[in-house]
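Since every read-out is calculated from the coordinates, none of them should be taken as a lab result. This structure is a prediction, so every number in the text was calculated from the model and none was measured. Note that we place each Cβ from the backbone using ideal geometry, even for glycine, and neighbour counts take in every protein chain shown.
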Amino acid sequence: DSGVTQTPKHLITATGQRVTLRCSPRSGDLSVYWYQQSLDQGLQFLIQYYNGEERAKGNILERFSAQQFPDLHSELNLSSLELGDSALYFCASSAGEGYNEQFFGPGTRLTVL
Amino acid sequence: GQNIDQPTEMTATEGAIVQINCTYQTSGFNGLFWYQQHAGEAPTFLSYNVLDGLEEKGRFSSFLSRSKGYSYLLLKELQMKDSASYLCAVWDDKIIFGKGTRLHILP
């Protein structure tokens, strides 16, 4: 158990819908990272927050947005969902701002029908 | 452009040694990571290299050559539980992952 929690574990929805994925980092970690993993693309970095502020942005679509709240939990919002958004979404956390060791949550498996 | 290359699959025998290579081309470099990921599970951290040379941690070692844009992960005394994907990742101004190497261990 990494200490990072993600909810829900599974999510099934339809095209065009909007969903919210939630992540709670390890106690004391200030950075939260979001990743998307699909079979053909591998693990893709989406976005990082550090202590509530956006720190780095990767291949995140405009239909996706995220935020980190004062209690340091984070949410990833996915809207206007498409079939291609079906993937495993991981959240990770680390103690510092830089890319030191990251601890991954168990992931949320999103299926868009 | 930014690119990380590693073999798609490798097979090795229990008790043997295997080396998984990773080459990268990035505009910047702040360090290289190796992660292990079992099927259907989250990645777990194995190593972090920022300086050239070999870092040893138990049965696993990781090597980095920044001038060559090259790293390898060395796994010794292979066990069946080492069957997993091994992900190479580079910290540029953001973290970039390779597509991973699926390692199969034969008894």
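In what sequence do B:Ser71, B:Ser85, A:Ser80 fall when counting other Cβ within 10 Å, fewest first?
Going from sparsest to densest Cβ surroundings: A:Ser80, B:Ser85, B:Ser71.
Around A:Gly3, under 9 Å between beta carbons, what's the net of Lys plus Arg minus Asp minus Glu among the other residues?
Cβ neighbours under 9 Å give a net charge of -1.
D for segment B:1-50, whole µm²/s, Stokes-Einstein with Kirkwood Rh over alpha-carbon pairs at 20 °C and 1.002 mPa s: what number?
Rounded, D is 163 µm²/s.
Percent of Cα-Cα pairs more than 19 Å apart in segment B:40-98, please.
More than 19 Å apart: 33 percent of the Cα pairs in segment B:40-98.
Cut-off 20 Å, label point 7 angstrom out along Cα-to-Cβ of B:Ala39: give me the residues of segment B:79-94 whose amide nitrogen falls inside.
B:79-88
Which number do you get for Rg(Cα) / (2.2 N^0.38 Å) in chain A?
The value comes to 0.99.
Going Cα to Cα from B:Lys68, which aspartates and glutamates come in below 14 Å? Please leave out same-chain ones fewer than 8 positions away.
B:Asp5, B:Asp52
Partner chain Cβ atoms within 10 Å, averaged over the residues of B:17-28 - can you pull that number for me?
Counting other chains' Cβ atoms within 10 Å and averaging over B:17-28 gives 0.
Please work out the ratio of the alpha-carbon Rg of segment A:19-73 to 2.2 N^0.38 Å and round it to two decimals.
1.15
I want the local charge near A:Ile12. Using Cβ-Cβ distances under 15 Å, sum +1 for each Lys or Arg and -1 for each Asp or Glu among the other residues.
Here the charged neighbours net out to +1.
For the protein assembly as shown, what does the convex hull of the Cα positions come to per residue, in cubic angstrom?
121 Å³
In terms of modelled amide H atoms, which long-range or inter-chain residues lie less than 5 Å from the amide H of B:Met10?
B:Arg102, B:Leu103, B:His104
What are the ³J(HN,Hα) couplings of segment B:76-89, residue after residue, when phi is run through the Karplus curve with 6.51, -1.76, 1.60 and θ = phi - 60°? Round to Hz, x for glycine and proline.
9, 6, 3, 10, 4, 5, 7, 5, 5, 9, 10, 9, 9, 9
For B:Asp92, B:Asp82, B:Asp5, A:Asp40, which order do you get if you count the other beta carbons within 10 Å of each Cβ and list the fewest first?
A:Asp40, B:Asp5, B:Asp92, B:Asp82
Please quote Rg/Rh for chain B to two decimal places, taking the Kirkwood radius as Rh and restricting both calculations to Cα atoms.
0.95
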